[in-house]
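These notes are about the structure you will find just below.
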Amino acid sequence: MTDEKKRISRALISVYHKDGLLEDIIKTLHNEGVQLVSTGGTQTFIESLGIPCETAESLTGYPSILGGRVKTLHPKIFGGILARREYDTDLRQLSEYDIPAIDLVIVDLYPFEETVASGAGEADVIEKIDIGGISLIRAAAKNYRDVTIVASRAQYAPLLELLKQGGAQTTLDDRRRFARAAFAVSSGYDAAIFRYFDADEHTAFRAAFDDAMPMRYGENPHQRGIFFGSFDTLFDRLHGKQISYNNLLDIDAAVALIDEFDEPTFAILKHNNACGVASRPTMVEAWKAALAGDPVSAFGGVLIGNRAIDADAANEIDQIFFEVIIAPDYTEDAIRILSKKKNRIILRRKAVGAGQGLAFRSLLNGVLVQDRDLSTQTAGDLKPMTTALPTERETADLLFANKIVKHSKSNAITLAKNKQLCANGVGQTSRVDALKQAIEKARTFGFDLSGAVMASDAFFPFPDCVEAAAEAGVTAVIQPGGSVNDELSVEYCNAHHISMVKTGTRHFKH
């Protein structure tokens, strides 16, 4: 690239939204002697500032037609944008057809996505598919060697800064940077339109995310990592170091898990799995009970609560090393206490339900897409499989454990008692190994499993899991059911006075 500068002599401005930044740009361009061309409401806005403006209609010799659908689609506009200044033939044709060169294009597209989100009818949605604006963007971006394109309000501030620093001129690097942003806008706009028409057909995969947030590194230090998405719409970062790739994975897992619970609950996650969860009347009680589940794994973990954190809870939490804490709010004293360690990341959650819609991941030479697992079982979903029925306390614990196992890496077994996670066996190649892992961990941290419940993310292929669970003291079991050998597990439970219920819903997580 080069620092070759080009003077802006004429600018075409056609925008949907008008704001203070746009007003400053227009005034700056006018003061720099730039001639302005515009359409409709933008022209009225410019003239309201006391600044002269040539209309697109006077330039083209044609009025706006078809209810405003056609305003700028004319050779006298697109010729002025697409003409290559270094081509003598292009310049001769501009002169021959009396086409003025246009050096700057500012466009703000019709709000298509916002219109769809508002629930508007199809006729209104279709009218918000911008034709002239998107064409102007592509034309100006294609000819970035000569033309500067500003394709969204997000680019107003950078443009205004350039104008203030260097006057009405841009370098080739500037123009290419604006062109890159413009193609990001146009591709995202087209992707949104396609998704509207495609609905739930999923005939092709189109996704567009802006707001790149570079990570310190990827999953490992030798890998680059970038998050694309509006993180700031979900969280306020109140304190701490830059968020890492692995932090984000744990934050996503933590948010998905905590949203399962209505009563005051605290969860501790490590490598996307819960190592401590508890529901209690207060957050400080929930924290203590959650930490007791695995105080070793909690070191360096991600913590999340679904109620405000007060000073009592903060004082207890402050006693361990952790990477991230997330809550809907904090008292001032809590923030002061938790901020004593400079690297701790303190996030205040602003929005609930961020994980709606589709989930997708890249693999092989494509993308794998599925609906998110938004199925949460309630007492009404439980189908008794055994003679013995779970007690009221056991039913509450079964539902509690089932929420946790749903968000644990398969194969997974969760042991819980009194709405406290006793242990999680996760990521094992056999279900009985996951159970053995959970039992050993629970005993390591002093849990009495007598009267505990067991949740499984998938059915039991053999009765070995219920046999081992019974020996450990488990008295109630929840599982999806559906194994050809279900009856073997049921027979064992009946013989040992263990209640078992099925949900009919598997919760594999890979």
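The values are calculated or read from the model by the stated rules, or taken from the named source; none is laboratory data. This one's a predicted model, so the numbers in the text were calculated from it and none came from an experiment. Using ideal geometry, Cβ is built from the backbone for each residue, glycine included, and neighbour counts are taken over all protein chains shown. The area values use the complete protein model at the heavy-atom level, side chains included, leaving out ligands, DNA and RNA. Shrake-Rupley method; radii C 1.70, N 1.55, O 1.52, S 1.80 Å.
For the pair D381 and H496 in one chain, pulling the backbone fully straight at 0.36 nm per residue adds 39.0 nm over the alpha carbon distance. In order along segment 409-424, phi translates into HN-Hα couplings of 5, 6, 6, 9, 10, 10, 10, 9, 7, 6, 6, 9, 6, 7, 5, 10 Hz, rounded to whole numbers, per the Karplus curve 6.51 cos²θ - 1.76 cosθ + 1.60 with θ = phi - 60° and x for Gly and Pro. Among the listed options (1) 67, 27, 21; (2) 60, 25, 19; (3) 34, 28, 21, the one matching semi-axes √(5λ) of the Cα gyration tensor in Å as calculated from these coordinates is (2). If you plug the beta carbon distance of L234 and R361 into 1/(1 + (r/R0)^6) with R0 = 25 Å, you get a FRET efficiency near 0.80.
To the nearest 20 debye, what charge dipole does segment 380-502 have about its Cα centre, counting +1 at the Cβ of each Lys and Arg and -1 at the Cβ of each Asp and Glu? If you can, show how the numbers build up before the last one.
Values: 12 positive and 14 negative charges, 98 e Å.
Roughly 480 debye, rounded to the nearest 20.
How many percent of the accessible area of segment 6-198 is carbon or sulfur, using a 1.4 Å probe? Answer for segment 6-198 is 51 percent, counting heavy atoms of protein chains only. Projecting the Cα atoms of I65, V150, A423 onto the charge dipole of the chain (Cβ charges, centred on the Cα centre) puts V150 farthest toward the positive pole.
Across the chain, C-alpha contacts under 8 Å between residues 6 or more apart give a mean separation that, scaled by the residue count, equals a relative contact order of 9 percent.
For segment 257-415, the relative contact order is 17 percent, taking Cα pairs closer than 8 Å that sit 6 or more residues apart in sequence and dividing their mean separation by the residue count.
Find the relative contact order for segment 6-198 and round it to a whole percent, using C-alpha pairs within less than 8 Å whose residues are 6+ positions apart. Don't jump to the answer; show the numbers that get you there.
Values: 291 pairs, mean separation 47.9, N = 193.
In percent, rounded to a whole number, it is 25.
If you take the Cα centroid of segment 53-97 and the Cα centroid of segment 280-300, the two points sit 67 Å apart. Please give the Cα centre distance for segment 2-49 versus segment 104-172, rounded to the nearest Å. Answer, in whole Å: 13. Accessible surface computed residue by residue for segment 140-226, with neighbouring protein chains in place and a 1.4 Å probe, gives 56 Å² per residue. Positive end of the dipole of segment 214-349 (Cβ unit charges, origin at the Cα centre): among V324, G276, S244, the Cα lying farthest that way belongs to S244.
Multiplying the sequence separation of N343 and L49 by 0.36 nm and subtracting their Cα-Cα distance, what value in nm do you get? Could the numbers behind the result be given before it?
Numbers: separation 294, 0.36 × 294 = 105.84 nm, distance 4.85 nm.
Value of the extension gain: 101.0 nm.
Taken about its Cα centre, the chain carries a charge dipole of about 1200 debye when Lys and Arg each add +1 at the Cβ and Asp and Glu each add -1 at the Cβ. In order along segment 438-447, phi translates into HN-Hα couplings of 5, 4, 4, 5, 4, 5, 4, 9, x, 7 Hz, rounded to whole numbers, per the Karplus curve 6.51 cos²θ - 1.76 cosθ + 1.60 with θ = phi - 60° and x for Gly and Pro. Accessible surface calculations at 1.4 Å, restricted to protein heavy atoms, place segment 58-101 at 63 Å² per residue. In a fully extended conformation the segment linking R180 and F227 would gain 15.1 nm over its present Cα-Cα distance, using 0.36 nm per residue. As a fraction of the 1.4 Å probe accessible area of segment 434-510, surface on carbon and sulfur atoms comes out at 52 percent. Once the Kirkwood radius over Cα pairs is known for segment 86-200, the Stokes-Einstein relation at 4 °C and 1.567 mPa s delivers a diffusion coefficient of 82 µm²/s. Across segment 84-92, computed HN-Hα scalar couplings (Karplus, 6.51 cos²θ - 1.76 cosθ + 1.60, θ = phi - 60°) run 8, 5, 8, 9, 4, 5, 5, 5, 5 Hz from first to last residue, x flagging Gly and Pro. Loop-located chymotrypsin sites (Phe, Trp or Tyr not before Pro) in segment 278-362 (DSSP state other than H, G, I, E, B) with a sparse environment of at most 15 neighbouring Cβ atoms within 10 Å: F299, F321.
Report, in debye and to the nearest 20, how large the dipole of segment 6-198 comes out about its Cα centre when Lys and Arg carry +1 and Asp and Glu carry -1 on their Cβ. Mind showing how you got there, number by number?
Details: 22 positive and 26 negative charges, 112 e Å.
For segment 6-198, the charge dipole is close to 540 debye.
Accessible surface for segment 380-502, divided over its residues, is 39 Å² per residue with a 1.4 Å probe.
Each part reduced to its alpha carbon centroid, segment 177-214 and segment 377-453 end up 42 Å apart.
Near R10, the amide H atoms lying under 5 Å from its own belong to Q35, D103, L104; only residues 5 or more places off or on other chains count, and H is placed 1.01 Å from N.
Taking all protein chains as present, what is the carbon and sulfur share of the accessible area of segment 289-374, in % to the nearest whole number, probe 1.4 Å? If you can, show how the numbers build up before the last one.
Values: 2370 of 4630 Å².
The C+S portion of the solvent-accessible surface of segment 289-374 is 51 percent.
Counting only DSSP beta bridges with both residues in the chain, what percent are antiparallel, rounded to the nearest 5? Write out the running numbers ahead of the final one.
Working: 38 of 68 bridges.
Among the beta bridges of the chain, antiparallel pairing accounts for roughly 55 percent.
Set Lys and Arg Cβ to +1 and Asp and Glu Cβ to -1, take the dipole of the chain about its Cα centre, and tell me which of A199, A139, L358 lies farthest positive. Among A199, A139, L358, the one farthest towards the positive end of the dipole of the chain is A139.
Computed on segment 214-349, the Cα convex hull volume stands at 95 Å³ per residue.
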